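The values are calculated or read from the model by the stated rules, or taken from the named source; none is laboratory data. On a predicted model such as this, the values are computed, not experimentally measured, just so you know. Every residue, glycine as well, gets a Cβ built from its backbone with ideal geometry; the counts of neighbours run over all protein chains shown.
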Amino acid sequence: MQDYKSLFNILTQAIDVEQKKLSSTSPMQMYEPMAYIIGLGGKRIRPLLTLVGCDLFDVNPEHATQSALAVELFHNFSLIHDDILDKAPLRRGNTTVHEKWNTDIAILSGDGMMVKAFDELCKSNPVHIHNLLKLFSKTALEVCEGQQYDMNFETQQTVSVEEYIHMITFKTAVLLGCSLQMGAICANANDLNQHHVYEFGKNIGIAFQILDDVLDVYATDDKFGKQVGGDIISNKKTFLLLKAIELATQNQKESITHLLLSTDMVEKVSAITTIYNDLNIKEIATAEANAYTTIALKHLHEINVNEEKKNMLKQFAFHLLNREI
């Protein structure tokens, strides 16, 4: 059995090799930004889960290396394009690709990373390529759909909590489920085990995003790694805001509407947080995340593998979710 540090080392070595290939490929204007963004590191949770999904079924995780690279390339493609859409200046504490080069180069480099992801998948065991491509293509399209839903929410007058859950499921959670299932495919897991692995990852992903919304309001800067209250400042329709609007009294709804138009950001964050506190939104959001975690654990229980390995995956998931608030 491989521990997750060993799996991360396998992943890091594969990504380093890929980065060197990209760095030496022409035209450099297209490939250098690709090498740049995958070289920025990050937690690399998604590709690591691909190796975990393979190791879970007692198969050498290196058999899933191509799938893990595909996941990492696709994820970084989405980050390049998301940063353009968000006009973001920084990614992982470094200059974003469109700021370091320009938007045209960023778009083309992102497109190239998407193509490279599929190319990497085609290097997999021929027995698995069809199923890998089918799952990966479905997930890639869902991630793009999720991003579009998120963009729609910016101008959509009303958004329900159910619509929000659907959006984060596509934008964030399905790639976690896909990552694990791709590893399971590479390990020759049966359809039922693949289903439970996917659902475990997807539901953990939903819980993760809801808790991220909570952290945006209630974390401290040094532990969160980004500006606390940023979602409130940018009027982002998060689980917390949508649930508050759903539960608010008429006076509270009017206050929220007024505060969303405020240019006094300190007062805005403070006043909306006070409304959240009055409505117990933090507790409601945490309970919602716990509900999805419970669903994930039920699926984990059904996977027919070594209990010790299931426990390792459970502890890893809890580590992802148990960020201090």
**Message:** What pairs come out if I take residues in segment 279-303 that are on the phi < 0 side of the Ramachandran plot and pair them with residues that are assigned to a helix (DSSP H, G or I) and among the basic types (Lys, Arg) whose C-beta lies under 7 Å away, six or more apart or interchain?
**Reply:** ILE281/LYS243; ILE284/LYS243; ALA285/LYS243; LEU297/LYS314; LEU300/LYS310; LEU300/LYS314; ILE303/LYS310
**Item:** So LYS134, is it among the basic types (Lys, Arg), exposed (fewer than 15 other Cβ atoms within 10 Å of the Cβ), without any contact (Cβ under 8 Å) to a residue 60 or more places away in the chain and within 17 Å of ILE15 (Cβ to Cβ)
**Value:** no
**Request:** Could you tell me which numbered condition ASN188 fails, if it satisfies all but one of (1) surrounded by fewer than 24 Cβ atoms within 10 Å (Cβ to Cβ); (2) at negative phi; (3) in contact (Cβ under 8 Å) with a residue 40 or more places away in the chain?
**Result:** (2)
**Enumerated helices (runs of 4 or more DSSP H) restricted to segment 19-120, each holding at least 2 residues that are modelled with pLDDT of 95 or more, over 30 Å from ASN306 (Cα atoms) and over 17 Å from the mean Cα position of the chain (by Cα)** = 28-38, 97-100
**Close pairs from segment 265-278: first of a type in the set (S, T, N, Q), partner in a helix (DSSP H, G or I), Cβ under 7 Å, at least 6 apart** = THR273/VAL217
**Message:** Of all residues being among the β-branched types (Val, Ile, Thr) and within 16 Å of ASP216 (Cα to Cα) in segment 270-294, which is surrounded by the fewest Cβ atoms within 10 Å (Cβ to Cβ)? Just the residue, please.
**Reply:** THR274
**Prompt:** Pick from segment 180-234 the residues that are part of a helix (DSSP H, G or I) and of a type in the set (Lys, Arg): which of them is modelled with the lowest pLDDT?
**Reply:** LYS223
**Residue in segment 249-259 that is of a type in the set (Gly, Ala, Ser), assigned to a helix (DSSP H, G or I) and more than 23 Å from ALA173 (Cβ to Cβ) present** = yes
**Request:** Pull up segment 288-325, narrow it to residues that are of a type in the set (Lys, Arg) and in a helix (DSSP H, G or I), then point me to the one that is nearest to the chain's Cα centre (by Cα).
**Result:** LYS314
**Asked** Under the condition of being within 27 Å of ALA207 (Cβ to Cβ) and surrounded by 15 or more Cβ atoms within 10 Å (Cβ to Cβ), which residue from segment 253-269 is nearest to the chain's Cα centre (by Cα)?
**Response** VAL269
**Message:** Take ILE10 and tell me if it is in contact with a strand residue (DSSP E or B) (Cβ under 8 Å, 6 or more places away or on another chain) and either farther than 15 Å from PHE77 by Cα or part of a helix (DSSP H, G or I) (or both).
**Reply:** no
